[in-house]
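Q: The following block contains the structure, expressed as structure tokens.
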Amino acid sequence: MTALAPRHDWTRDEIAALFDQPLDALVAAAIDVKRANWPDGRVQKSRRLSVKTGGCAEDCGYCSQSAHFDTGLKASGLMPLDEVIAAARKAKAEGADRFCMGAAWRSLKDRDVEKVADMIRAVKAEGMDTCATLGMLEDGQADALASAGLD
Ligand code: SF4
């Protein structure tokens, strides 16, 4: 149970057998997989920042970012670039390798693409990998963010 490649051919019986194992056997098997795949023990550490919080016009029932529910969350606009840079520097100083920027909206508006791209460029310049969760993207937006250095 130490294969390097992900498997996509699990049978129900094989999955059930995993759940039927005693916990210590399952933990031991998990440690075998970890050692086989990450012998140096290193994992990437990521910090996530909400660069636009709350006030989303959608009403996804599970989401505290929706303006349709009183969650006590204070809504804010897109965070200024200097605050994002400061947060990324702090994250790096505290050991993060990757910095993820998340925005509470249904989809990325064209007017915000360059602002988010600036954030990505700035975080990359700090020597961190970047990722983002920005809702739905239109044609060309992902390319623009990738060109800015989005990993
Ligand atoms: S669109 Fe996204 S941010 Fe907005 S309410 Fe739904 S899950 Fe939350």
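Q: Per q in 0.23 Å⁻¹, report the Debye log10 I(q)/I(0) for segment 46-147, using one uniform scatterer on each alpha carbon and no solvent.
A: -1.21
Q: Ok, one more. Taking 35 Å as R0, compute the FRET efficiency from the Cβ-Cβ separation of ALA30 and TYR62 and round it to 0.05.
A: Numbers: r = 29 Å, r/R0 = 0.83.
Computed FRET efficiency for ALA30 and TYR62 comes out at 0.75.
Q: On to the next question. Modelled label-to-label distance, ASN37 and CYS131, 7 Å Cα→beta-carbon offset: nm?
A: It is 1.3 nm.
Q: With +1 on each Lys and Arg Cβ and -1 on each Asp and Glu Cβ, how big is the dipole of the chain about its Cα centre, in debye rounded to the nearest 20? Don't skip to the end; give the middle numbers.
A: Details: 20 positive and 24 negative charges, 112 e Å.
Using Cβ point charges on Lys, Arg, Asp and Glu, the chain gives about 540 debye.
Q: Evaluate the distance, in nm, between pseudo-label points positioned 7 Å from the Cα of LEU73 and of ARG106 along their respective Cα→Cβ axes.
A: About 1.6 nm separates the two model spin labels.
Q: Right, here's the next one. Once label points are set 7 Å from the Cα along Cα→Cβ at both ASP97 and ASP9, what is their separation, rounded to one decimal in nm?
A: With each label placed 7 Å out from Cα toward Cβ, I get 3.1 nm.
Q: Continuing with this model, one more query. Hey, in the GNM for the chain with a 10 angstrom Cα cutoff, which one of PHE69, PHE19, PHE99 fluctuates hardest?
A: It is PHE19.
Q: If I stretch the segment between ALA16 and SER46 completely, what's the gain in nm (0.36 nm per residue apart, minus their alpha carbon distance), one decimal? Intermediate results must be reported in sequence, preceding the final value.
A: Working: separation 30, 0.36 × 30 = 10.80 nm, distance 3.19 nm.
Length difference between fully extended and current span is 7.6 nm.
Q: So what is the relative contact order of the chain, in percent, for Cα pairs below 8 Å that sit 6 or more residues apart?
A: Averaging sequence separation for qualifying contacts and normalising by length gives 20 percent for the chain.
Q: While we're on this one: In segment 3-105, what trypsin sites (Lys or Arg not before Pro) fall in a loop by DSSP, with at most 15 other Cβ atoms inside 10 Å?
A: Working: sites: ARG7, ARG12, LYS34, ARG35, ARG42, LYS45, ARG47, ARG48, LYS52, LYS74, ARG89, LYS90, LYS92, ARG98; in loops: ARG7, ARG42, LYS45, LYS74.
Answer in residue order: ARG7, ARG42, LYS45, LYS74.
Q: If you take every DSSP beta bridge whose two residues both sit in segment 50-136, what share of them, in percent to the nearest 5, is antiparallel?
A: In segment 50-136, DSSP labels about 0 percent of beta bridges as antiparallel.
Q: Another one. Could you tell me which of the pairs LYS74/LYS124; LYS45/LYS115; LYS45/LYS124 are separated by over 23 angstrom between their Cα atoms in the structure shown? Don't skip to the end; give the middle numbers.
A: Numbers: LYS74/LYS124 29 Å; LYS45/LYS115 25 Å; LYS45/LYS124 15 Å.
From LYS74/LYS124; LYS45/LYS115; LYS45/LYS124, over 23 Å: LYS74/LYS124; LYS45/LYS115.
Rule-based calculations on the coordinates, nothing more; no lab input. Not measured: the values here are computed from a predicted model. No Cβ is skipped: glycine too gets one built from the backbone with ideal geometry, and neighbour counts run over all protein chains shown.
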